[in-house]
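Written below as structure tokens is the structure these notes are about.
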Amino acid sequence: MATSSVSKGCFVFKPDFKRKKISFPIADYFNEGESLSEDSKLRFDTCQLLWQQMKSEAEELQEELNKNLFDKLIEFLEKSHLEFRKKSTNWNYQIKSREIPTAALVLGVNVTDHDLTFKGLTAMLRDTITPYVVSLQAKECPDVKHLLQKLASQVMGCHIDMESTEEEEEECVQLSQKKMHYSMAFLSTWYRNVTQKKGSESVNKKITSSSQWKKSPPIVIILKDIESFSTKVLQDFIIISSQYLHQLPIVLVLGIATSPIIIHRLLPHAVSFLCIELLQSLSCKEHLAKLLDKLLLTTRFPFKLNEKALQVLINIFLYHDFSVQNFIKGLQLAILEHFYSQPLSILCCDLPEVKRRIHSLSEDQCESIRRLPSFMRYVEKQTPEKQVASLTNERFLKGRMERKSLSLHIYHENFFIVLKCLHAFTSSLPKYPLGRQIRELYCACLEKNIWESQEYEPALQLLRMLAKDELMAILHKCVEVFRSSPGKQLGSTAEKLKEFLAQFQSLEESNEEENGSGSQQKGLQKTDLYHLQKSLLEMKELRSSNKKQTKFEVQRDKVVDMIDNLVRKYLFPPDTQTLYEVVYFTGAHTLREHLNAAPRIALHTALNNPYHYLKNQALKSEDDSIPNVAPDICIAYKLHLECSRLINVVDWSEAFATVVTAAEETDPNSTASEEIKEIIHARFIRAVSELELLGFIKPTKQKTDHVARLTWGGC
Amino acid sequence: MSGVQSRVSPSPWVTSRATLVASWLRTRAVLREWTLPPTLKFSGLGRFGEVLGAQCLAPRETLIVMSHLKQQKVKMLEVQFVGDDDVLNHILDKEEGAKFRKDRAQVLVNVKKLMKKQENDQDEDDQDDLKDENYVDILGADSQEYLKNGCVASGGNKVYSFQTRKKPEKMAELAYEIAKTSGKSVPLICKNTEKMASTPQSSKKQSTSEKDQLKSDEKNEFLSTPYRLRKRLTAVSTFPSDTESEYSDSNSEDDKGIKQEEEKISEVLMDQKRLTKHSSLSSSSCKKVSAKKMKKDTTTDLVEEYFEAHSSSKVLTSDRTLQKLKRTKLDQQTLHNLLSKFSPPFSAELKQLNEQYERLFHKWMLQLHLGFNIVLYGLGSKKELLEKFRASMLQDSVHVVINGFFPGITVKSILNSITEEILEHMGTFRSVLDQLDWIINRFKDDSSLELFLLIHNLDSQMLRGDKSQQILGQLSSLPKIYLIASIDHINAPLMWDHSKQSLYNWLWYETTTYRPYTEETSYENSLLVQQCGTLALSSLIHVFRSLTPNARGIFRLLIKYQLENEENPSYIGLSFQDFYQQCREAFLVNSDLTLRAQLTEFRDHKLLRTKKGTDGVEYLLIPIDTGTLSDFLEKEDKEA
């Protein structure tokens, strides 16, 4: 092989000739390497388009969610170093100037999402406040020297980007070549020079916010992962920079994944040099909820996930990393898999586009539509003539398809509106019988008819007990849902809701009068026990019947009935819909396989039960044991499981030889030839060294010819 | 029936396992609450040492007292072969005792089974951390039987008591078991199955009474017992079983003292045990019932198993070495030749498996281009598969193949090959991070650059470090660098934390190929492969022959000294002054300087290493293993 050598580990291959690139190199791979048909190219383009749209939507959402945080941060930055800018010399300032203004951003445990946040933050700060934004990571700064070096080079680098005058550039080149020892003193003289020069210059290119900033823009230092910095480095750095604070307007931004206490724990002494303002970012769960709302609970994007696939992604999020970025990655994979494996996904696009595509469907594609389970179900319900027509007549089929895709679209529109309304109703119930988050409710609805679930009835019961103000708040929310949705399908319901609201409003006014009149108490007179009981019973009955009669309760029941009707009418699961397969991704196991793989289990299965992979009858075994014809490594593995921490290699090898000779059908009584024995021994050696490579055993010096086991209890 | 034959089947003790696991778990839970004094240390019986230690502190748990006594008996054990009479006597005792215990009646099905059971107890090893149940069973069953018998029992005691040194046979047993499991009939099997037929009654009874109690995993165990039975018979007839004297503790030096200590303690405990005898009988049985619930807690059980397995420093294995077997270490070349004579089975299925993976190539390319990176896992070498991928998909693109298993590979060398050979940059970099930055900037600036990285064994010794993974991760996160890698180690995924995983942006693909790791293991300094022995010997001879007679003498002196000190573990080398003295006495050198000049020669050939000791004295050492050295001396002496 060209890639094996005893003296080299890296092999570089460069094609001899630069072949001209094919116009659609990536799409080429989309169709399993077969000649690129128009169809699969279109499919790939649709896929890419859809993904780009969803991605940009997700990014927009992220920006929007960060906006709040960033605004606060900017406000904080503007407040800080006010005195510095005024060049005030009063005593108070002198004292205070030892404190570095610090913003502590509590970002949560989803470390993988932070990068994006910081990227946005840096860009925004550069645009609005200061060119001197430095972001540092713990791994770049093993000691103060490196930290200062990074800091200085980034600050000056920023500056050069802005100025881009020739002499500056030369200077910069000189500096970077020299890689001289950076210090704070050096930095502060440099800063003074630059700001003075700038002060004399009147033009300013980017920064427009306030005239104050022009003169002396602050130096913002972002420490991305405060937890991984070493205490010593941070402490030294903070003490040094606090000394220079009257020359350099430094602001620190700390990214915190755990909790703000970490600052005090990391910096027990230097914390007194910091003037900390705590800023909390949005929790990742809310972020996910918003993301689902924007990407999946909408008719904007035709692509949907079925219950299991969504559950897989949500489980990865909840149980593994809380990372929204990973969720988006999973979504990307789902889209890709869907378009890759489902040929009819070509119809997974906007409604007008679908119509056009339906008309240009080829005969094969029509045939595969006919084979869709959901379409077959649909055909079965038709009259015989129509059945024949839809199975034979292409034009008729296309007409049907058009109608069906429209109805699927409408179904989704209604589905999401009703889902959101139902969520508004049930999310505030005690104990959350239908889930607190909309994703839980959505999953339940995707799985089966929600009104058949156990929790549905109790939830309705609870709804019938809502207080008026709660109910009104919910109704307001529902009206909001209707208003924000583009569809006009449930227009009458929206009207109804408003009516209800109005009625409740009027009830409020009339209620006071009613209260006055309705509560006339019959004074309890002195009677015997029997009469007392009787009268109490009567009163109870009266009260219960009375209660039903209050206007509010009647209205409330009406509202609950209405939502119940809506649910039963619109919230049936999507797999009952014709053409369900076209837009729903169903490969939950592929997602799990590729995103949340279990290599140890795979390894163990391969070793323990080779039949799982090699479908040979000889390897089949009913219980835990494995047949003696199994691959060498499996036999060696099985034998080593019998041992405790130390394994005697000789015994192991003999046991191995016993198994292998039995497998080879040689007569065990006759002594096998020396050569065969040698070969078996060689096979054993190989199996052992493979187990060593896999990390099951390691050589040990505790006893001669022994190896140590590294696993216990199977795998 | 002779004693040998009665060691037939372990099945009876399997039956009571389910209940006893429970009681053992309970016992352990109790033990865990007592602390073990650091001064008390027991050897010889692994887990029992710990149990005993706890017992000394608070001897309330009678169960343990019993087991402790058993341990004492092990020390006295001498006789291996037991006559029928002895065995029968004790069985009668047992049966009387059995009437006490109704809930465990199925254990005492018949005389025959009991007999087997006792024998079996002797056979089993309590060290096995996997089969913890066995241990539990033995512990529980024996202690109860012991109670019934009273504390003094002469000959039979040895039979019933614990013996803990059977590890190797256990493996041999399993070997026989597996050897017989295939459909192919080996003449031996026929013989065995006949024997099987004679004892079906017992196993049947068990199965009906026990099945509901057994958990699924235990069921498997249970089902396999007939195999054990067969194999045991074959073991007797065919396996050249080794004499007991070959087994020993891994560190037997300090055994004696501890044994004495143990015996003292056991005497004290003996009295206490008598007192608690009766109460324990009832308490242990009800404990069993209540403790069944505890079984559910399997995760803590696993954790405990780990500490059980690692708490004791003693592991009993046989003393046999490869030297006795006359099967010397093979060198790489002979190994390779031998293996080439052997053709692996199931080639059709393997081919099918591979074709299945090859169909994924296009998908991989697509996903690589879309920003994912691909990692392959599963048993079997994936080098061939990746090589095929390279040949079929990457011929027209720039790519680097990196053999992670190559012992000399470093991140630096990977980055160097990228900067020097692909980006054609001739300058040097101050640090790896600088180099990385430079590469990242290059790829950002020039959007036409594309690079495929194929890394075999991303989890290898050299690359698994945190820094290496960080750098490779950053490299792979570039949109125009496509990484496809393979991992093999079971713990490989532990290399990556969340942030690294997001850098890599992996898509996992299982590719179990069952291909031998020929190349991957060929570099490794494997246990049984004499890696460079012959090479070292031949080069040693080569260098030696080119030396002057004086220099030869000097070197020979050093070798001899080193061989003399072979046994000394704290040997750090021969000090220079001593060596000079010896050389002078042998008239090999006349001054300090000439000796140094000679030594330089050796050092250049890497035949000598000098080390400064703690006292500042220079020590000389030949960095070659003693086997090679003595071989060398032998050869030289022959020629001389």
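The values are calculated or read from the model by the stated rules, or taken from the named source; none is laboratory data. In this text, all values refer to a predicted model and were calculated from it rather than measured experimentally. Counting neighbours? That spans all protein chains shown, and the Cβs are built from the backbone with ideal geometry, glycine included.
In the set (1) surrounded by fewer than 17 Cβ atoms within 10 Å (Cβ to Cβ); (2) among the polar types (S, T, N, Q); (3) outside the structural domain of A:P373 (by the TED database), the condition left unmet by A:T590 is number (1).
Find the residue count for the stretch B:397-434, including only residues that are at the interface with chain A (Cβ under 7 Å from one of its Cβ atoms) and assigned to a loop (DSSP other than H, G, I, E, B). Of the residues in the stretch B:397-434, 5 are at the interface with chain A (Cβ under 7 Å from one of its Cβ atoms) and assigned to a loop (DSSP other than H, G, I, E, B).
So, of the residues in the stretch B:372-396 that are touching a Lys or Arg at 6+ places or on another chain (Cβ under 9 Å) and either surrounded by fewer than 20 Cβ atoms within 10 Å (Cβ to Cβ) or in a helix (DSSP H, G or I) (or both), which turns out to be farthest from the other protein chains (Cβ to nearest Cβ)? Here the answer is B:L385.
For A:K139, are the conditions met, namely being modelled with pLDDT under 85 and in a helix (DSSP H, G or I)?
yes
Among the residues of the stretch A:358-393, the ones that are touching a Ser or Thr at 6+ places or on another chain (Cβ under 9 Å) and over 13 Å from A:V583 (Cβ atoms) come to 7 in all.
When the residues of the stretch B:423-435 are filtered to those that are under 21 Å from A:K14 (Cβ atoms) and in contact with a helix residue (DSSP H, G or I) (Cβ under 9 Å, 6 or more places away or on another chain), which remaining residue is modelled with the highest pLDDT?
Our first condition is that a residue be under 21 Å from A:K14 (Cβ atoms); within the stretch B:423-435, this holds for B:423-427, B:435.
In the following step, the residues that additionally are in contact with a helix residue (DSSP H, G or I) (Cβ under 9 Å, 6 or more places away or on another chain) were identified as B:423, B:425-427, B:435.
Numbers: B:L423: 87, B:H425: 84, B:M426: 83, B:G427: 82, B:Q435: 90.
Only one residue fits best here, namely B:Q435.
Considering only helices (runs of 4 or more DSSP H) fully contained in the stretch A:602-715, which possess at least 2 residues that are among the aromatic types (F, W, Y) and at pLDDT 85 or above? Spell out how you get there, then give the answer.
Values: elements: A:632-640, A:649-663, A:674-694.
Those helices (runs of 4 or more DSSP H) span A:649-663.
Answer yes if at least one residue in the stretch B:351-367 is part of a loop (DSSP other than H, G, I, E, B), closer than 30 Å to A:L603 by Cβ, at the interface with chain A (Cβ under 10 Å from one of its Cβ atoms) and without any contact (Cβ under 8 Å) to a residue 24 or more places away in the chain, and no otherwise.
As a first pass, look at the stretch B:351-367 and keep what is part of a loop (DSSP other than H, G, I, E, B): B:359-360.
Next cut, closer than 30 Å to A:L603 by Cβ only: B:359-360.
With at the interface with chain A (Cβ under 10 Å from one of its Cβ atoms) added as a condition, the list becomes B:359-360.
Remaining after also requiring without any contact (Cβ under 8 Å) to a residue 24 or more places away in the chain: B:359.
Yes, there is a match, as at least one residue in the stretch B:351-367 is part of a loop (DSSP other than H, G, I, E, B), closer than 30 Å to A:L603 by Cβ, at the interface with chain A (Cβ under 10 Å from one of its Cβ atoms) and without any contact (Cβ under 8 Å) to a residue 24 or more places away in the chain.
Total residues in the stretch A:434-451 satisfying the condition of being over 16 Å from A:L566 (Cβ atoms) and over 28 Å from the mean Cα position of the chain (by Cα): the figure is 0. Taking the stretch B:440-463 as the range and being more than 11 Å from every other protein chain (Cβ to nearest Cβ), surrounded by fewer than 24 Cβ atoms within 10 Å (Cβ to Cβ) and not acidic (D, E) as the test, the residues that pass are B:I440, B:N441, B:R442, B:F443, B:K444, B:S447, B:L449. With a requirement of 1 or more residues that are surrounded by fewer than 17 Cβ atoms within 10 Å (Cβ to Cβ), aliphatic (A, V, I, L, M) and more than 39 Å from the chain's Cα centre (by Cα), the helices (runs of 4 or more DSSP H) lying completely within the stretch B:546-615 that satisfy it span B:592-604.
Listed here are the residues, each with its yes/no results for (1) buried (at least 19 other Cβ atoms within 10 Å of the Cβ); (2) over 17 Å from A:R686 (Cα atoms); (3) more than 7 Å from every other protein chain (Cβ to nearest Cβ).
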site	(1), (2), (3)
A:A597	yes, yes, no
A:Y611	no, yes, yes
A:K620	no, yes, yes
A:C634	yes, no, yes
A:E642	yes, yes, no
A:L646	yes, yes, no
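Of all the residues in the stretch A:243-259, those that are closer than 22 Å to A:F70 by Cβ and surrounded by 15 or more Cβ atoms within 10 Å (Cβ to Cβ) number 9.
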